[in-house]
Amino acid sequence: MTKSKQLFINLSTTLVGLVINTLISFGLSKYIVATIGEEAYGFVSLANSFIMYATILTVAVNSMASRFITLSMQRGEIETANKYFSSVLISNAVIIGVLIVPATVLIAWLENIINISSELVTDVKLLFFFIILNFFVSLIGGVFSVATYCTNKLHLTSLRTMESNVIKALVIVSLFVLFKPAVFYIGVATLISGSYVVLFNMRYTKQLLPDIKIKSRNFELNKIKILLSSGVWNSITNLGNVLSDGLDLIISNLAVNPATMGIVALAKTPGNVINTVMSSISNVFQPQIISFYSQNDIDGVLAETKQSMKITGVFGNIPFAYIVVFGYAFGRIWVPEVDAVLLHRLLILTFLNIFCGGVISSLYNVFTITNRVKGNAILNVGSGFLSTVLVFLLISVTNLGVYAIVGVSAFVGLLKGFLVIPVLAARCLKVPNKTFFGVIIKYFFSTAILVAILYALKCFMVIDGWIPLIISVLVSGILGVLVDYFVLFSGSDRKRFMYIFISKFKEKGNE
């Protein structure tokens, strides 16, 4: 199979899966808020935030595992790949053993650490228990996900993720219907769906990487040291991410109230979905970029990275433009129980990061494949520390409240993403600093045109229910794709797309 066809398969299955996962996510959040309220729903996002705090430690070992295992396999160094694989697996088991004690203490003392309504204490503790248990299962099974990555068969991962989200939705709805609604059911469903993915990844490892053998004697402390020497900077990067916007929910809980935390969690839900979309699409390109880099083909790396920037950009600027123009109607219809004006403003602030990440997210792959993550890590911690200080300062001296909590990280993220990250990525590849700014400028231009078109469209639409809302989403999406296709993408990009699609249809016709 040619590289272009494999890319088409990976990308198309990823997109189909993400559309379904997005629909499930929005439908579930609306159903959950209507059933148990926004305050209880906020604790789901808060529990996941605590998991993000824990990954600051675990990412040091795991973040670079795929890179080193893939490079070893592509170079025919099977023994080295086995040593990395077993070393990571055993290290993760040790990490789980270490984290069990603080996790137990956290759950036992949870009501003394965060603000929880008395009637929700037991429910929220059970939620944290299942979410943490799922984290442990995912951690021990994480290294097995390298199989589809190493063999560039990411469409298998997309399909299983889609199925796991369907399972999660079915479990949640079933438990809510059969028993008294409780927030911890979401934790149970998360554990079941997460275990489903891990089991399939184990199966794929046996099928796709038959040379990989799990043996305790393959454990080498030196391999962990190699991973840590690079991965520790990814841990520092994660610390920066937490400081930038990972504290929004807990600050809202402690500095304002749990109900406000719930609204912030709702405002971040669409953004989290879009971030998953962009991350998944960016990952589709990563195996091929690593392949180019392993052959010292920098031109290939640049071409593939720019292509990835444009495609992820489509999933950044279209949702951003839609939220800016139609966000009030969207929020009012999606969760009518919540203040639509407040929700719309928070959505715009959270989607500023989506807008930036749309074109920038692919550049983070450059730091990983070149194994030069130090600069980005220092930048992230610095900007994260600045965000946190500014948030507490604004909360203490102004009445901005939740707007300061959500808004500061958005504006600091814009400055970092558009002005610094492109330069750092270019320097990692030893190319001119301006290399990626051409794509970014076209991205700005395309987004401005789209926002103007959607404002014009808004004059002819009355969105007073789900059907008009869905129509507005579809029309905005089609217009956005057309604008990006002719403004963001170059003539050579369009020719490449047409070639891939025509080749695929011809192949189908000959079957």
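The values are calculated or read from the model by the stated rules, or taken from the named source; none is laboratory data. In this text the structure is predicted, and so the values were computed from the model without any measurement. With ideal geometry, Cβ positions are generated from the backbone for all residues, glycine too; neighbour counts draw on all protein chains shown.
Observations on the model:
- Hits in the range 368-378 (condition: more than 14 Å from P287 (Cα to Cα) and part of a helix (DSSP H, G or I)): K374, G375, N376, A377, I378
- Scanning the range 328-353 for residues that are in contact with a Leu (Cβ under 7 Å, 6 or more places away or on another chain) and touching a residue at least 24 places away in the same chain (Cβ under 8 Å) yields a count of 7.
- Pairs meeting the criteria (first residue in the range 477-493 and closer than 22 Å to K458 by Cβ, second residue polar (S, T, N, Q) and modelled with pLDDT of 90 or more, beta carbons under 8 Å, at least 6 apart or on different chains) are G480/N317; V483/S446; D484/N317; D484/S446; V487/S446.
- Filter pass, V487 being out of contact with any His (no Cβ under 9 Å at 6 or more places or on another chain) and either among the charged types (D, E, K, R) or under 30 Å from D297 (Cβ atoms) (or both): yes
- Test: residue in the range 445-456 that is surrounded by fewer than 17 Cβ atoms within 10 Å (Cβ to Cβ), farther than 16 Å from I354 by Cα, in contact with a helix residue (DSSP H, G or I) (Cβ under 7 Å, 6 or more places away or on another chain) and touching a residue at least 40 places away in the same chain (Cβ under 8 Å): yes
- Number of residues in the range 393-416 that are in a helix (DSSP H, G or I), without any contact (Cβ under 8 Å) to a residue 60 or more places away in the chain and more than 20 Å from I236 (Cβ to Cβ): the value is 9.
- One residue alone among I289, I348, I323 is farther than 28 Å from A404 by Cβ, hydrophobic (A, V, I, L, M, F, W, C) and in a helix (DSSP H, G or I), and that residue is I289.
- Put simply, of N371, N365 the only residue that is of a type in the set (S, T, N, Q) and at positive phi is N371.
- Subset of the range 196-222 that is basic (K, R) and assigned to a loop (DSSP other than H, G, I, E, B) - its residue that is nearest to V94 (Cα to Cα): K215
- Output for the range 250-294, where each listed residue is hydroxyl-bearing (S, T, Y) and surrounded by fewer than 19 Cβ atoms within 10 Å (Cβ to Cβ): T276, S279, S294
- In the range 432-444, residue nearest to F418 (Cα to Cα) [restricted to those that are touching a residue at least 12 places away in the same chain (Cβ under 8 Å) and β-branched (V, I, T)]: I440
- Subset of the range 113-135 (residues that are at pLDDT 90 or above and polar (S, T, N, Q)): T122, N134
- Some residue of the range 54-63 being of a type in the set (S, T, Y), closer than 29 Å to I250 by Cβ, modelled with pLDDT of 80 or more and in a helix (DSSP H, G or I): yes
- Matching option when the condition is more than 20 Å from the chain's Cα centre (by Cα), of a type outside the set (D, E, K, R) and within 23 Å of T58 (Cβ to Cβ), among F184, F176, F219, F144: F219
- Residue match in the range 468-484 (condition: surrounded by 15 or more Cβ atoms within 10 Å (Cβ to Cβ) and under 23 Å from V366 (Cβ atoms)): yes
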